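Q: Structure in structure tokens, see below.
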Amino acid sequence: MIRVENLVKQFGAKRAVNGVSFSVERGEVLGLLGPNGAGKSTTMRIITGFYPATSGRVTVGGHDVALDPIRTKALIGYLPESAPSYGDMTVHGFLSFIADLRGLSGSAKKAAVHGAVETCLLDSVLYQPIDTLSKGYRHRTCLAQAILHDPDVLILDEPTDGLDPNQKHAARELIRRMGETKAIVFSTHILEEVEAACTRAVIIDRGSVVANGTPAELKARSVTAGCVRVTLAGTAPEAAVAQFGQLPGAARAELLPSDNGTQGRVTVRVYPQRDEAGAIGAAGAALTVAVAQAAQAGGWQVQALSTEEGRLEDVFRSITLPDTVAR
Amino acid sequence: MKKHGSAFTNISGIVRRELSGYFGSPVAYVFLVIFLLMAGFLTFTVGRFFERAEASLVSFFTWHPWMYLFLVPAVGMRLWSEERRLGTLELLLTLPVTLPQVIIGKFLASWIFLAIALALTCPVWLTVNVLGSPDNGAILTAYLGSLLLAGSFLAITSMTSAMTRNQAVSFILSVMICLLLVIAGYSPVTDLLTRWTSPAVVSAVASFSVMTHFDALQRGVIDLRDVGFFLSVIGFALFGNAVIVRGLRAG
């Protein structure tokens, strides 16, 4: 549905977007991640036709945004950053206005406004001026505006910003549900949101795509992915670390700072050996079993044993802050 | 399902929103009252309507350029600056409408509002008809000229409004530009100019002034060149408006 090819956007001397490419199909929810100022909002503004691109191409549903803006805009529902709306209008007046400009009229318009109000839970404030609403309601009003015409493509710039935890949860559920039939791109700073709602994540840093994969694939790139974490009782910490570090397939072992020594418990993380590409070998994959057997052989009591999936946050930080983390 | 409307439905949607914005706030009614009070004061007290003992509305229409100089920028100053300040410009321009449709819709809504204000001055017209028998054709022409004059100032205000997020700045800019267009043909100023330059230069400068073209219409003379002047000021300013809004997005 959405194809972004080699997108470049220059603001004066600053290159906000530098060769971004990705594509999103129907049924996919793409999470756009990146530090502040990485070019997420600019990319979304180009896709929605607000900014013209300096070079590169965006097509939505086969229509080029630059050549056929009206037809592409008709396919897109857009929630801009900070969710703007006309404060002097009522929620109903605002949604009716948007429906007018979406070419809806009569019963189709009524049904569209009603549906959006229902989905975004705006019934109780329908005839209140938007200015008088709380931030959560204002945000949902703007979201209702985006989904009003049941678009094939949704572009949501920080859709959960400023919502309380319950509203955040509801918004994520809504995005996940709508993502089954639409192509959705949303940006966020909240990494758990990516795991909760996305089928794929793209990380942008300084205008370029630095990672593109499913949340699980990205997590596997974390240094702690595939590590074995074991909590033992009845052993000296040094002995356990030395023993586990020598296991076949283990690169090294380290003592974790959580309740070391207190009540005789020790938590150790064992890193698997990786080849140059970062892949874990067969011995590394069997590390959990090896750790369990070594503990048994040493007569240590195993209280907890798990294989770590890796953390998105570690990946995010190692990719977007190469200068500080790599050294 | 068709998901975008025709040019007409888009423009009328924008016109209705803007008009409901005007009448939804008390500011509009305050504006109408000030406009009518000023028109009455200038016509009857300053313009000496009764002392003139003429069956005409000259003392009413003479003041319009000066009245519009401040009142029209006050009506139009928020047209684009407010959209920029609130961020709704992004919303509006990512809807399936073209920029000219938005510009024309916003302009028309404010122009309709000004036309309503102007129409509410009809008691003046009734008064002169009760007291005497004026040339109603001439009065109608003068009303048309007044509406065109208001439209020209409004288009300029719409353009300056797109230049800034700040309504006050947009107000001052448009007052300054409109003032130039007024005084370039205001006789005390042109008289002064003739002392330094040739009459040809003065009349060339004066031909750019709204006063020169409004005077003829006010006297009841419909000259297509005068009407064309106002329409081209409107067209030029709205074109400038489009260039400015496009420039905002080009970066």
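Q: Let me confirm one metric for peptide A:91-102, namely the mean number of other chain beta-carbon atoms within 10 Å of its residues' beta-carbons. Working shown, then result.
A: Values: counts 0, 0, 5, 2, 0, 3, 7, 5, 2, 10, 16, 10.
Across A:91-102, the average partner-chain Cβ count within 10 Å equals 5.
Q: Here is a further query. Let me spell out the model: positive unit charges on the Cβ of Lys and Arg, negative unit charges on the Cβ of Asp and Glu, origin at the Cα centre of segment B:7-250. What dipole size does that give, in debye rounded to 20?
A: 620 debye
Q: What ³J(HN,Hα) values, in whole Hz, does the Karplus curve 6.51 cos²θ - 1.76 cosθ + 1.60 give for segment A:178-192 when θ = phi - 60°, with x put for Gly and Pro?
A: Taking θ as phi minus 60°, the curve returns 5, x, 5, 10, 10, 9, 10, 10, 9, 10, 7, 9, 8, 6, 5 Hz for segment A:178-192.
Q: Could you tally the net charge around A:R26, taking each other residue with its Cβ under 12 Å from the Cβ of A:R26, Lys/Arg +1 and Asp/Glu -1?
A: Working: positive: A:K182; negative: A:E25, A:E28, A:D152, A:E180.
With Lys, Arg at +1 and Asp, Glu at -1, the neighbours total -3.
Q: Something else: I'd like the accessible area for B:T197: 1.4 Å probe, protein heavy atoms, all chains in place, Å² to the nearest 10.
A: Here the accessible area works out near 60 Å².
Q: Suppose we compare each residue of segment A:32-74 in its chain alone and in the full protein complex with a 1.4 Å probe; which ones drop by at least 40 Å² of accessible area?
A: With the partner chains in place, segment A:32-74 has these residues losing at least 40 Å²: A:F50, A:I70, A:K73, A:A74.
Q: Averaging the inverse of every distinct alpha carbon separation and then flipping it gives the Kirkwood radius. What is it for chain A, in angstrom units?
A: Details: mean 1/r = 0.0446 Å⁻¹.
Result for chain A, one decimal place: 22.4 Å.
Q: Further question on the same structure: How large is ³J(HN,Hα), in whole Hz, for each residue of segment A:241-252 in order, when computed from phi with the Karplus curve 6.51 cos²θ - 1.76 cosθ + 1.60 and θ = phi - 60°, using x for Gly and Pro?
A: Ordered by residue, 3J(HN,Hα) equals 4, 5, 5, 5, x, 9, 4, x, x, 9, 8, 6 Hz.
Q: Moving on. What average count of beta carbons from other chains do you get within 10 Å of the Cβ of residues in B:8-19? Don't skip to the end; give the middle numbers.
A: On the way: counts 0, 5, 5, 1, 1, 9, 3, 0, 4, 10, 0, 0.
Mean number of neighbouring Cβ atoms from other chains: 3.
Q: Going by alpha carbons, how many degrees (0 to 90, nearest 10) lie between the helix axis of A:106-119 and the longest principal axis of chain A?
A: 30 degrees
Q: On to the next question. Taking a probe of 1.4 Å, how large is the accessible area per residue of segment A:228-308, in Å²?
A: Working: 4300 Å² over 81 residues.
Ligands and nucleic acids excluded, the result is 53 Å² per residue.
Q: Of A:G49, A:A74, A:G27, which is farthest along the charge dipole of segment A:1-112 in the positive direction, counting Lys and Arg as +1 and Asp and Glu as -1 at C-beta?
A: In segment A:1-112, that residue is A:G49.
Q: Quick check: with the 1.4 Å probe, what order do B:H64, A:H92, A:H169 take by accessible area, largest first?
A: The residues order as A:H169, A:H92, B:H64, largest area first.
Q: Oh, and also: Within the set of other residues whose C-beta is less than 14 Å from the C-beta of A:T132, count the net charge using Lys and Arg as +1 and Asp and Glu as -1. Walk me through the intermediate numbers first.
A: Values: positive: A:K135, A:R138; negative: A:D88, A:D131.
Net charge in that neighbourhood comes out at 0.
Q: I've got another one for you. Under a 1.4 Å probe, what is the accessible area of chain B per residue, stated in Å²? Walk me through the intermediate numbers first.
A: Numbers: 11350 Å² over 251 residues.
Per-residue accessible area for chain B comes out at 45 Å².
Q: Provide a whole-number value for the mean count of partner chain Cβ atoms within 10 Å of the Cβ atoms in peptide B:93-103. If you can, show how the numbers build up before the last one.
A: Working: counts 7, 15, 15, 13, 7, 3, 1, 0, 2, 1, 0.
Averaged over the peptide's residues, the number is 6.
Q: Also, quick follow-up: Run the accessible area of the protein assembly as shown with a 1.4 Å probe and give the carbon-and-sulfur part as a rounded percent. Don't jump to the answer; show the numbers that get you there.
A: Details: 15600 of 25690 Å².
That share works out to 61 percent.
Q: Moving to a separate point now. Which parts of segment B:219-251, residue by residue, lose 30 Å² or more of accessible area when the rest of the protein chains are there, as against the chain isolated (1.4 Å probe)?
A: Residues losing area: B:R249, B:A250, B:G251.
Q: May I ask which of A:K109/B:K106; A:K9/A:K40; A:K40/A:K109; A:K73/A:K109 have a Cα-Cα span longer than 21 Å here? All intermediate terms of the calculation are to be shown ahead of the outcome.
A: Numbers: A:K109/B:K106 23 Å; A:K9/A:K40 12 Å; A:K40/A:K109 32 Å; A:K73/A:K109 18 Å.
Where the Cα-Cα span goes over 21 Å, the pairs concerned are A:K109/B:K106; A:K40/A:K109.
Q: Just want to confirm a number: the relative contact order over chain B, from Cα pairs under 8 angstrom separated by 6+ residues, in percent. Numbers along the way, then the final one.
A: Numbers: 287 pairs, mean separation 63.2, N = 251.
It rounds to 25 percent for chain B.
Q: Still on this structure, I have one more. Find, among the trypsin sites (Lys or Arg not before Pro) in segment A:38-145, those assigned to loop by DSSP (not H, G, I, E, B) with at most 16 other beta-carbon atoms within 10 angstrom.
A: Numbers: sites: A:K40, A:R45, A:R57, A:R71, A:K73, A:R102, A:K109, A:K110, A:K135, A:R138, A:R140; in loops: A:R102.
Loop-located and lightly packed - none at all.
Q: Apply the Karplus curve 6.51 cos²θ - 1.76 cosθ + 1.60, θ = phi - 60°, to the phi angles in segment A:130-143 and return the couplings in whole Hz, x for Gly and Pro.
A: Taking θ as phi minus 60°, the curve returns 4, 3, 8, 8, 6, 4, x, 5, 4, 4, 5, 4, 6, 5 Hz for segment A:130-143.
Q: Between A:R252 and residues 5 or more places away or on another chain, which pairs have amide H atoms under 5 Å apart, with H built 1.01 Å from N, and which residues are they?
A: Here the answer is A:Y271, since their amide H atoms fall under 5 Å of that of A:R252.
Q: Going through the DSSP H helices of chain B, which span 20 Å or more along their own axis at the Cα atoms while scoring at least -0.5 as a mean Kyte-Doolittle hydropathy? Could you put the intermediate results ahead of the total?
A: Numbers: long enough: B:7-23 (24 Å, 0.24); B:26-40 (21 Å, 2.42); B:99-119 (30 Å, 1.86); B:136-162 (39 Å, 1.27); B:167-183 (24 Å, 2.66); B:224-250 (38 Å, 1.29).
Long hydrophobic helices here: B:7-23, B:26-40, B:99-119, B:136-162, B:167-183, B:224-250.
Q: What chymotrypsin sites (Phe, Trp or Tyr not before Pro) in segment B:170-251 are in a loop by DSSP, with at most 16 other Cβ atoms within 10 Å of the Cβ?
A: Details: sites: B:F171, B:Y186, B:W196, B:F208, B:F214, B:F229, B:F230, B:F236, B:F239; in loops: B:Y186, B:W196, B:F208.
Loop-located and lightly packed - B:W196, B:F208.
Q: What accessible area, summed over both chains, is buried at the A-B interface (1.4 Å probe, Å², nearest 100)? Display every interim value, and only then the final one.
A: Numbers: alone 15700 and 12780 Å², together 25690 Å².
So the buried area, both faces added, is about 2800 Å².
The values are calculated or read from the model by the stated rules, or taken from the named source; none is laboratory data. Nothing here was measured: the structure is a model prediction, and the numbers come from that model. For neighbour counting, all protein chains shown are included, and Cβ atoms are generated from backbone atoms with ideal geometry for every residue, glycine included. With ligands, DNA and RNA removed, areas are computed over all heavy atoms of the protein, side chains included. Shrake-Rupley method; radii C 1.70, N 1.55, O 1.52, S 1.80 Å.
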